[in-house]
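> Questions regarding the structure given below will be posed in turn.
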Amino acid sequence: TASVSAGVAGVSGAGVDVDSIIDNNVAVRIDGGSIIEDGEDVTITAKETSDIFADAAAAAASFSIGVAGGVALMDATVNSSVSTFIDDARIDVDNIAIEAANQARVPRNFTVGVAGSAGVGVVQNRATTNITPLTSTTLIDADITADTIAVTASGEHLGHAEADGGAFGGVADTGMVARTNLGRGAGIDEVRATVGSGSELSADEVVIRA
């Protein structure tokens, strides 16, 4: 956005506030006494790949002894849940991979603001990136027989935040804040692979990984 004013004592202001949010629920579920019997390899997967590219800009000018103000706010958030869940199922195959995978990326979150006045120039910019997805693979009461069994959950994330700008005038005030937050805080397992109660895994090789 842009704004221009003139006169003996003009006031000019420009502002932009943008929120970009990805908040999906991606799930694969096998339950209710399901039976899978196949001589081939089997892969059961829940997967999401998400990207946010965000830019916000504000410019204000007052060609007078006045006030010019610019505000640019940008919030980019990825908060999806990706899960693979097997409950009360029997599986007999050669090899099986049970997995949940999440790739959340904010490679660009950029704000810029400029304000200029012969009087007062004020700029406030903020770029905030929040990457807080949950990824889980869970087995409950699962009876699985195979040569190899892999139970995995994975998360691959990238965050970027940048705030630039400037103000000029008889009095100039600027504030630029860039912040990237990864995860939901202490005590929360954002990436989890669980073999729970009642499950029996019979195989030459078992891999459980998160």
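The values are calculated or read from the model by the stated rules, or taken from the named source; none is laboratory data. Everything numeric in this text was worked out from a predicted model, so none of it was measured. Cβ coordinates were reconstructed from backbone atoms using ideal geometry, including for glycine residues, and neighbour counts include every protein chain displayed. All accessible areas refer to the heavy atoms of the entire protein, side chains included, with ligands and DNA or RNA removed. Shrake-Rupley method; radii C 1.70, N 1.55, O 1.52, S 1.80 Å.
> Output the strands (runs of 3 or more DSSP E) that fall wholly within region 95-205 and possess 2 or more residues being in contact with a His (Cβ under 9 Å, 6 or more places away or on another chain), open to solvent by less than 50 Å² (accessible area, probe 1.4 Å) and modelled with pLDDT of 90 or more, or say none. Steps first, answer last, please.
Values: elements: 95-117, 120-131, 134-145, 148-159, 162-168, 171-182, 191-195, 200-202.
Filter on region 95-205 gives 95-117, 120-131.
> Further question on the same structure: Among (1) surrounded by 11 or more Cβ atoms within 10 Å (Cβ to Cβ); (2) closer than 24 Å to residue 199 by Cα; (3) at pLDDT below 90, which single condition is residue 40 missing?
Tallying (1) surrounded by 11 or more Cβ atoms within 10 Å (Cβ to Cβ); (2) closer than 24 Å to residue 199 by Cα; (3) at pLDDT below 90, residue 40 fails exactly one: (1).
> What are the residue pairs meeting all of these: first residue in region 12-40, first residue at positive phi and outside any strand (DSSP E or B), second residue open to solvent by 50 Å² or more (accessible area, probe 1.4 Å) and at pLDDT 90 or above, Cβ atoms under 7 Å, and 6 or more apart or on different chains?
What qualifies is 32/88; 33/88.
> Shifting gears a bit: Return yes or no: is residue 45 open to solvent by less than 50 Å² (accessible area, probe 1.4 Å), modelled with pLDDT of 95 or more, closer than 30 Å to residue 195 by Cβ and not aromatic (Phe, Trp, Tyr)? Walk me through it before giving the result.
Values: open to solvent by less than 50 Å² (accessible area, probe 1.4 Å): no; modelled with pLDDT of 95 or more: yes; closer than 30 Å to residue 195 by Cβ: yes; not aromatic (Phe, Trp, Tyr): yes.
Answer is no for this residue.
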